[in-house]
Structures are given as structure tokens and as C-alpha cells.
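Structure record follows, encoded as C-alpha cells.
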Amino acid sequence: MSAQRIIGARARRVEDPALLRGEGVYVDDIACPGVLHAAFARSPHAHARITRFPVEELKAMPGVVAVLTAAELASEMTSVLMPPQFPSSSLPPGAGSYVLAPKEVCYVGEPVLMVVAESRALAEDAVAAAEVDYEPLAAVVDAAAAGAPDGPKVREGIASNLLTRFKVGYGAVSEAFASAPHVYRERYWQHRGVAHPIEGRGVLARPEPGSRKLTVWSSTQMSNLLHSMLVDVLGADEDDIRVIAPAVGGGFGCKYLVYPEELAVAAAARKLGRPVKWVEDRCEHFMAAIHERDQYWDVEIAVDANAKVLALRGSLIHDQGAYTPQGFHASYNSASSITGPYVVPAYEIDVQVMQTNKTPVQPVRGAGYPQAAFVMERLIDRVARELELDRAEVRSRNLITPDRMPYPKKLKNRSGAELVIDGGDYPKCQALGLERIGYAGFLARQKAARAEGRYLGIGFAHAVKPTGRGPYEMARVRVSTSGRVTVYAGAMEMGQGIKTSLAQVCAEQLAVPLERIEVTAGDSAYIPAGFGGFGSRQAIFCASAVHLAALAVRNKAIRAAATLLEAAESDLELKDGRVVVKGVPGHGISLGDISRKLRGAPGYALPGGVTPILEADASFQLDLQAFANAFHACEVEVDPGTGHVSLLRYVAVQDSGRLINPLIAEGQVHGGVVHGIGNALFEWMRYDEQGQPITTTFADYLLPTATEVPNIEVLFVETPSTTNPLGVKGLGEAATIAVAPAVIAAVENALEPFGVHINEAPLTPVRVLELIRNSNPERKLP
Amino acid sequence: MSEFHDIAVKINGRSYERRVAVRMNLADFLRHELGLTGTHVGCEHGACGACTVLVDGRSARSCLMLAAQADGCELETVEGLAGETDLNPLQQAFWDRHGLQCGFCTPGILMTLTELLRDTPNADEAAIRAALSGHLCRCTGYQNIVAAALAVAGKT
């Protein structure tokens, strides 16, 4: 094999120089002469009937070119209903929204009317003046109360707010509970947050003169799926529409969705025959980009006298928000992942997906897994407390050990495939993490601190994340006559350095330096189909496809060179961008020259009988998932007088299989952990009793900043995945999942003298004080 | 009051004279009137720091400042940091230490750190984190940004 070993190198990213110079081109940076600007009027009510659109008066306002409602867009679209975005036979009609609401609005922020004007300011002036008339209706706000038969309904005409109810499980649950020595019941709650990439959403659609062709740039995680939907909704052919994802300023799940605004802008551009752009502002992002994590759990765990888990059962209410644009996979992920790294002989969960008049819920970084890990890890901590055992010891007794891998979870994923853990060493990850954080000496540290009136706590948690969903990705690798290499992939670069990783995978086969490789990603003109960036999949799917394409180019180059150099193929190798005879580095031919030879000459055969040009296509198909895992440990100090939580140490042990680039991998862990810290301590998308969002600025909704987060100590264990040729597993989400349970456990441990038990996240300082007070009604607080 | 103002500004050493709408903010002026799109707009309410530029040497949120207020000022933006061929030492440290991911918040952070390291060339971690507390980054967890700044401050 190759002697390059560029896979695994801490290579600096190829994306960075342009971004550091301010030369990154994000959607709002694209120069587009003659562009019109869109702004959306949005519902100010959580639930209301629309009684009148002020179309005519808005048309008279300065600079307004068009005022569009669903009725006006209908001529450009096959349907003004948003099509369901994942195939699902179980979604009832009406579960998806309209492109623009024609009659009824179901959450604050739902778009109802689009103004297109000569400038953004003029479009926003018109929207600010738009007096859409509404007749307010009762709103459903709390998912736990949404099932009341006589309560309000999320949409008019539906019989129930329950979108779907399903059970997930296996084994003899009732029998296990009936005979279990110990059963503990808990209720848990996790609140919704917002994805908040620092670049919000945005889309630019430009009709190509003299044709029905349309080019669309969108800040998206799924350019190919946006392309497919535009083809369907605009009634176009594949070749009529080109979708390009330019530089994308972060995604975190919220851009893995086709939004109404994207379709409306594209339809408006076609209708008006002029380019139209819409760039989201932050207030819109708070209200109209998807949210995630609202769940209520009511669960019981049965254990034997030695704290071995016998069974787990309970119910889950998942708040889906007003619409279900993409299916209910976040709730399914929660239900199918709660057993995590543990042997759980019997399990059953009853899941209710409940609709509310709030922003629709789809996966944000973690996608249902963080909530489930929170519940499981908190339950394990409860067992330890009840049986007066060490929390690490209870985990050790229940972990799936490496000798049992591959481990069938006895559960299926949402597409029906068996969930089988391909590998991992959970006890090792735990041991490494506990050693690094100094668990053995913690009790002494805690005791000494308490003597000074300081409250230290330690907490830890495991996470297991099946990464990489199929069914496939495609790639093309081409060598130019100059010897430069271009990689085309369906991958989406949105900050995770996937272009660098793909270049490394290509360089490994072609022995070309990274700076001679250019990666083109997220452009439907080059890669016709694929699934983009979600579920921590691109290192598995896109990199494997690039690996196979690069391997094919390598083999083709060797075959042609064998003829050109009059050598046996087995005597040839690739070195420094050349195919050379082994041991005779002076005797060889550059890849650029082979590329030229393979372009051919009129009337002459191609060397080696190969196909034209030095290029290969490949696809990588897989239905299995690669199971990444993590063990996190943190140490905190809690001030019981103010409720303030200081994060003193944070250790993250991650196993994402073989690492393509450890520098990038560490960065992914840092960001993932800090996202989890936000979920644990800061981020709370609040609504009032009427369903009004009340945290719609960064002064009200807190993201972690540099002064709140510690340095994250990252350790990697590399258990190669057996599911793909590179042995890689996904990483992007795997660092977020264990954070909330580890942090909350640490806070609870710090507050042990107060008898505080914590079953929720986020945990604000005010809530810490409340919990202390509730646990100590008679005790005078410090 | 007039709807427009005539302003003269110097940006990255180059002089510009333009007529601007009174309500146009400085970020929009830089981005859409002058094509200096390296300065990004992340929140439009002065919280995320992505739009930070230097106005007469001091960091300012260009989304909270009107273009007309910049009349007569000297501005520095991310486009002015690098040389023709080389990144400047701070940019280079960001590249070497993986101090950016999606890159959207990066220009504003570079400008704030430029100010900090001019004022305090040997800034310590606490000072760097305090300066960064006016910026939001969703990708990096700030860790490698801090590491890059510490490297320039000679602390690593």
C-alpha cells in the first residue's frame, strides 16, 4: 500500500487561508447584479386564522416589486404544500406546513407572505407595515398537556395532537420487573434549544437568461436533496436546476432541511424572471429555524442486588412542534438508543410524538441521542446512590465488554435495519477518562474544598452514537494535465473540514501533496445525487467514495504507465505525483503526463487499453452504521449562594474509529462538548403560556462564551470500524451526547450535602437555588 | 434632515468617498456598497461580534454603527490583515492551530484579537478569553482560538 500515510496526519486545513483573509464566499457575499431582495411577514400568533392579506397596499410601497402569498406562488409550483422530506407512510396529512400559510398559522414565526423589493431595507419596510389580519385561536404549548381530549388542537380540524405513538423494545420486561430486587422510577425533562450557526439560513435564486434554468445557492447541509425537491416542486427537469452550497457558516442540523423560504425564493425568481435573495436575520432564526430536545420521560429501571441492570421501561413524550417536515426520527433515535453502552436484558418504551404550537422540531447536533443518554446515565447514577455503590463501579458492572462485539442491540433503526454495534472498548474509555481527571484522588479534593466552604463535584457519562446513514454517496476524482487533482463529492463543507479530509484520503492513494488537490463539494452540477451532511456520516460515506474513486484512478494510472514505461504493473508505485519504477525513482512518468496521454491523439489507441481521461467515478453504499462512542468526565464547583456552576476540568475520551485528521477531530470534539455545555447550563428557548417565544435575542438566550468554558482535554481511542474501507466512524455529534449527563451529575455531586437531585436540563443558576431550597425547606440558605 | 450623507472614510489604507443613506449601517456599507464581504453579519443586534471592525483603532460592532458615523474615520477590516502573499502572524496562528471551522465568526474575532494584541502584546489566557467573551462561535468551543492568540502572545 501507499507509503504516504497522509491519512492520520495533523494536516492544516485547505479551507482556511481564504476564510482567514475574509475571502470565503457565503451566500450573502455572492455578487449578483440586479438581484431583488425578499423579506417574509411571519405570524405573530402561536395559532390563528388568517382573515386578510394586505397585498394591494403593500404593492404600492416604495421599491416593492411583488407581494406574494401562497395563492400567487401556486402558478409556479406543483404544490404549495411542503412535500414530506423523508419517506414515511405513517405521517398523517397536514403534518407538513405550506410554503406560505394560506389560511391558518400554527407557530410564531410561520411565514405567511413574501415581499420582494429593490433592496432588503425596502422589503423589510413593507413587511414591517404589513397588517395581515388574524383571528387568534387557542394554542397548545406544553407537550405533556397536549394529549388532553378536550384541550385545544394544534391545527383546526384534527382530532388529536398526537402525531404518532409507537413502542420500541425487546425481552420479557414485565417478568423482569416482577421479580427484580430493586426498581427505581424517575421523571426527566430536557428543554429545546436552537441550532444557532453564526451564519443563519440564506438563499439566492438566479434564473438563467433565455431558458427555464435556475441556479440556486443556499446555505444548506443538503444541496442534492434541495435540488431534488426544487425539481419536484417547480415541475422542472434535473438539468434545469443547479443547486450550489457556497461557504456555509455552520449548520448543526438546522440546515438539514428544505425550508419554505428556499422554495418560495426559487419560485419567486422564476415568476419574476429576476434573481431573488433572502438572508435570514437572527430573530427569524430563533423563531423559524428548527429546534430540538424537548422531551418528557417517565422511566423505571430494575436492577439486581449487585446493581446489574435487569430491565428498563417507561414512556416518552416528544414535543414535535407545529409541523413534521421530515418525519419523527429524533424521537425514534431517543427510543432506540437509550440502552447506550450497557447490557439491558429487557426494554420497552412507549413513545408519544405530540404536536404543539411552537417551532417545528427536527434534529439539532445529537438528534435525540443526547436526551436518551441523559436519561440512562442519570438512572445509573440513581442506582449507585440507592445501593451506595461507586458510580463508576455500577457502570463497569453493566458495560458491554469488547469480547461481546459485534453486539446486536436487539433493536432496529428507523428504516428497519438491525442495530449491531460494530465495535468499541467502553471499559477502556471509562478507565482512561477517570484516570485523566484524577477520579482516584477526587474524594480528598472534595473533602478539602468543603472544609473551605467550597462545593466541588465530579460527574461522568458514556455515549454511544450510530454514525453514518446510507444508502450511498458518490465521488469523482480527476487528474488534470498539469497534475492537479480535482475531487468532486456530494459532501457538504460547513466547518467540519471535510474538504481537507477528502483531500487527505485522495492524497493517500495518489501520492500528491494536499495543495495540489482541489475539492469541489455541494454542487449538483457535478454530483447528481446524495444526502449531504447529517448524522455524522460524511467521513464514512463521502470519504469512502473518494477513497474508492482515488484507488480506481491510481490503478488506471499504473496500468497506463506500465505500457508507457514498458514495465510490469507490479513493479510500479506512486511517489510525489509520479508513477515510478520501484527502486528507480528517476524512471517514471508524472500523473499530469499520464492524464495528457489518456486524453488521446486522433486515431491512436490509449495506452494500456484503459478508458479515456485520468478520471474515475465511484460510489459507496452501506446500510449498516458505525458505532462511535465517548466517555466524558468533568469536575465542577457550585456556589450554593448564587447557583453559579464553574466548570473546572473537562475530559472527553472519544472513539470514532480511525482518524483521518486528529487536528480536525479535536476541533470537532471541542465544539461538540461546548454545544453540550450550552444544553446543560445555558440554552433555553422559552415560550410563554400563549406560545410566544420570549428568548429571541442573544441577550435572552445564552450561548456559551469563551469565559464560561474550560479547556477540553481530548483523548482518542481508535477502534477501526468494520463497516467501511477506511475504518472510520462519525464524530460531529458523538462529542455532544455525553455532556449534559456528565455536567448535571457533577453539579448533583457537588450539592450532595444539600440532598439535591437533578432530573432536568438546562440548569440555570436560579434553578440551582430553587432545587437547593426545595430539598431543604427548613434549612436556612447560606 | 437629509436622507443621505456624503462620507469619506479610509479603509485598510485606501480612501473612499460615498453618498450613503442615513439609515445604512456600517456593516451593510462595507459589504454591499464597497464589496468588502469579509466582515460578516451574524445577529444584527450587537451580540455575536462577527461584524467587528476597528474604527480609529478601537473595536466596534459594525452592525450597531451607522455608515454616516464613520465619516472621517480610519477603518480596519479583515481584508487588511494579510500581506499580498503571506497571512499575518495572527492569521497564521489560526491556521496552524485550527482556530476556525466554518470561518463565519472568524473575521470579527481576528479584529478583536488584533486590538488586544496591539494593546497587550503579551496578553495571558484570562485577558484573551475576556476579549473573546464579546464573540460567539458555535464551532470551535473557543479553545483553539485561545491557543492561537496565546501563540502570538508568546505564551506557548
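Results, tabulated for the structure shown:
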| item | result |
| --- | --- |
| Per-residue Cβ neighbour rank within 10 angstrom, fewest leading, A:E156, A:E473, B:E76, A:E262 | A:E156, B:E76, A:E262, A:E473 |
| Options A:Q362, A:Y407, A:A384, ranked by Cα towards positive dipole end of the stretch A:342-449, top entry (Cβ charges) | A:Q362 |
| Charge tally in the Cβ shell below 12 Å around A:V581, where Lys, Arg are +1 and Asp, Glu are -1, A:V581 excluded | -1 |
| Other-chain or far-sequence residues with amide H under 5 Å of A:Y455's (modelled H) | A:V638 |
| Eligible aspartates and glutamates near A:K409 by straight Cα distance, threshold 12 Å, same-chain separation 8 or greater | A:E418, A:D422 |
| Within straight-line cross-link reach of A:K153, lysines at Cα separation under 22 Å, skipping those fewer than 8 residues along the same chain | A:K103, A:K358 |
| Placed amide H near A:Q625: partners under 5 Å, 5+ positions off or other chain | A:V420 |
| Karplus-derived HN-Hα couplings along the stretch A:429-439 (A = 6.51, B = -1.76, C = 1.60, θ = phi - 60°), whole Hz, x at Gly and Pro | 4, 5, 4, 4, x, 5, 5, 5, 7, x, 4 |
| Cβ-defined net charge surrounding A:R49, 15 Å radius [Lys, Arg +1; Asp, Glu -1] | -1 |
| Separation between Cα centres of the stretch B:61-108 and the stretch A:347-419, rounded to whole Å | 44 |
| Pairwise centroid distance, computed over Cα atoms, of the stretch A:458-496 with the stretch B:114-156, Å | 30 |
| Net charge over other residues, Cβ less than 11 angstrom from the Cβ of A:V35 (K, R count +1; D, E count -1) | +2 |
| Translational diffusion of chain A, µm² s⁻¹ [Kirkwood Rh, Cα pairs; Stokes-Einstein; 25 °C; 0.890 mPa s] | 88 |
| Amide H contacts of A:E713 (H built 1.01 Å from N, under 5 Å, at least 5 apart or other chain) | A:Y650, A:V651, A:A652 |
| Relative intensity, log₁₀ I(q)/I(0), of the stretch A:491-602 from a Debye sum that treats every alpha carbon as a point, q = 0.14, 0.19 Å⁻¹ | -0.64, -0.96 |
| Cβ-based exposure ranking for A:K153, A:K729, A:K59, in which fewest neighbours within 10 Å come first | A:K59, A:K153, A:K729 |
| Per-selection Kirkwood Rh - the stretch A:304-393 (Cα, Å, 1 d.p.) | 14.4 |
| q = 0.11, 0.18, 0.20 Å⁻¹: log10 I(q)/I(0) that the Debye formula gives for the stretch A:563-658, counting C-alpha atoms only | -0.63, -0.93, -1.01 |
| Over 18 Å between alpha carbons, listed pairs A:K167/A:K255; A:K412/A:K465; A:K556/A:K597; A:K308/A:K729; A:K213/A:K499; A:K575/A:K729 | A:K167/A:K255; A:K308/A:K729; A:K213/A:K499; A:K575/A:K729 |
| Residues A:Y650, A:Y701 arranged by fewest to most Cβ contacts within 10 Å | A:Y701, A:Y650 |
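We did not get these values from a lab; they are worked out from the coordinates using the rules stated. In this text, all values refer to a predicted model and were calculated from it rather than measured experimentally. Because the Cβ atoms are built from the backbone with ideal geometry, glycine has one as well, and the counts that use them run over all protein chains shown.
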